[in-house]
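Working notes, structure below.
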Amino acid sequence: MLVTGVASTSARSAGSIGGRALAFFVVLVAGSALLAAVAAPPLLSLGSFDSEAFAALRETATATQVELPPFREWIVNLIPANPIRAAADGAMLPLIVFTAILALAILRLEGEHKQTLVGFFDAVSRAMLVIVNWILLVAPIGIDLIGAMGVFILVACGLVTVALLALYPVAVLGGGISLKRFARACAPAQAVGFSTRSSLASLPAMLEAAEDDLELAPQVTGIVLPVAVALLKYASPPVRITGTIFVAHLYGIDLGVVEIATIAAALGALRVCRWRESAC
């Protein structure tokens, strides 16, 4: 989809759309991180935690140490030596960089060669969306609530819901569409995302809503939506910040304003860290 979206427009237009989308992603993630940093501590403190359940969780908990590569090495590794391997390993950022370069190269082709490649990738994307729909037919639905983690799950889900609702006025004021129209367009993708917990699984519904219900340009949806599915994890900061504060409660660690602000800043930038990991 990214190849088709970029190759169907001009290089300048594709760069403008992609740049604005990434900047907006940063603002959204920062906002959701701030929400969790402010709301999670008092909400978690309202719960009564069983000391025996906490002890059992501590006994089974494991920690892993992650070392990020130097920034210069990260930049070099953004262009994968083997894009097929990057795809197989799930290294999304290097794969997207290679895909964007390939799409820009296709833009430079003329006549039949360009149309052949654009048509090929368009057909592949449509076939993959069919496969996603097939997978959804057999995807299991399950939610686990276990002991002391019940409070954490309720708080995390509540903050994600608040963060989700905050996007509606953004869409109405920034997008110039009615609240009813936006809510109706989002409902199918939200239903798929709720049942599968998968951004990729909700992509077909998002595409249909964006192009048919919201009448957005295919060049915009073809660039922004696949990149958003791969890179934008808007709900990640509320869940992860709440989880970090919950673990602090688990081990009896008191976190002050400075510590919580540091956690919010670090986990708000989590996607960048994950991009760096995947680039290596």
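The values are calculated or read from the model by the stated rules, or taken from the named source; none is laboratory data. Predicted, not measured: the structure shown is a model, and the values here were computed from it. Cβ coordinates were reconstructed from backbone atoms using ideal geometry, including for glycine residues, and neighbour counts include every protein chain displayed. These accessible areas exclude ligands, DNA and RNA; they are computed on the full protein's heavy atoms, side chains included. Shrake-Rupley method; radii C 1.70, N 1.55, O 1.52, S 1.80 Å.
Residue by residue, here is whether (1) polar (S, T, N, Q); (2) outside any helix (DSSP H, G or I); (3) open to solvent by 40 Å² or more (accessible area, probe 1.4 Å); (4) at pLDDT below 85 holds:
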| residue | (1), (2), (3), (4) |
| --- | --- |
| PHE25 | no, no, no, no |
| SER48 | yes, yes, yes, yes |
| PHE54 | no, no, no, yes |
| LEU68 | no, yes, yes, yes |
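If you go through the stretch 178-193 one residue at a time, do you hit one that is small (Gly, Ala, Ser), open to solvent by 40 Å² or more (accessible area, probe 1.4 Å) and either within 21 Å of GLY31 (Cβ to Cβ) or assigned to a helix (DSSP H, G or I) (or both)? Looking for residues that are small (Gly, Ala, Ser), open to solvent by 40 Å² or more (accessible area, probe 1.4 Å) and either within 21 Å of GLY31 (Cβ to Cβ) or assigned to a helix (DSSP H, G or I) (or both), one finds at least one in the stretch 178-193, hence yes. Restricting attention to the stretch 96-136, the residues being within 19 Å of the chain's Cα centre (by Cα), within 19 Å of GLY15 (Cα to Cα) and in contact (Cβ under 8 Å) with a residue 40 or more places away in the chain number 3. For the stretch 194-205, the set of residues classified as in a helix (DSSP H, G or I), of a type outside the set (Ser, Thr, Tyr) and either more than 25 Å from VAL124 (Cα to Cα) or open to solvent by 30 Å² or more (accessible area, probe 1.4 Å) (or both) consists of PHE194, LEU200, listed by residue number. Per the conditions (1) closer than 19 Å to LEU231 by Cβ; (2) touching a Leu at 6+ places or on another chain (Cβ under 6 Å), the sole criterion not satisfied by VAL172 is (1).
When each of ALA217, ALA183 is tested for being within 30 Å of ARG12 (Cα to Cα) and free of Cβ contacts under 8 Å to residues at least 40 places away in the same chain, the lone residue that passes is ALA217. Scanning the stretch 160-177 for residues that are assigned to a helix (DSSP H, G or I), more than 21 Å from VAL239 (Cα to Cα) and open to solvent by 40 Å² or more (accessible area, probe 1.4 Å) turns up PRO169, VAL170, VAL172, LEU173, GLY174, GLY175. Against the conditions (1) open to solvent by less than 70 Å² (accessible area, probe 1.4 Å); (2) not in a helix (DSSP H, G or I), GLU215 satisfies every one except (1). The condition (being of a type in the set (Ser, Thr, Tyr), in contact with a helix residue (DSSP H, G or I) (Cβ under 9 Å, 6 or more places away or on another chain) and without any contact (Cβ under 8 Å) to a residue 40 or more places away in the chain) is satisfied by just one residue among SER236, SER178: SER178.
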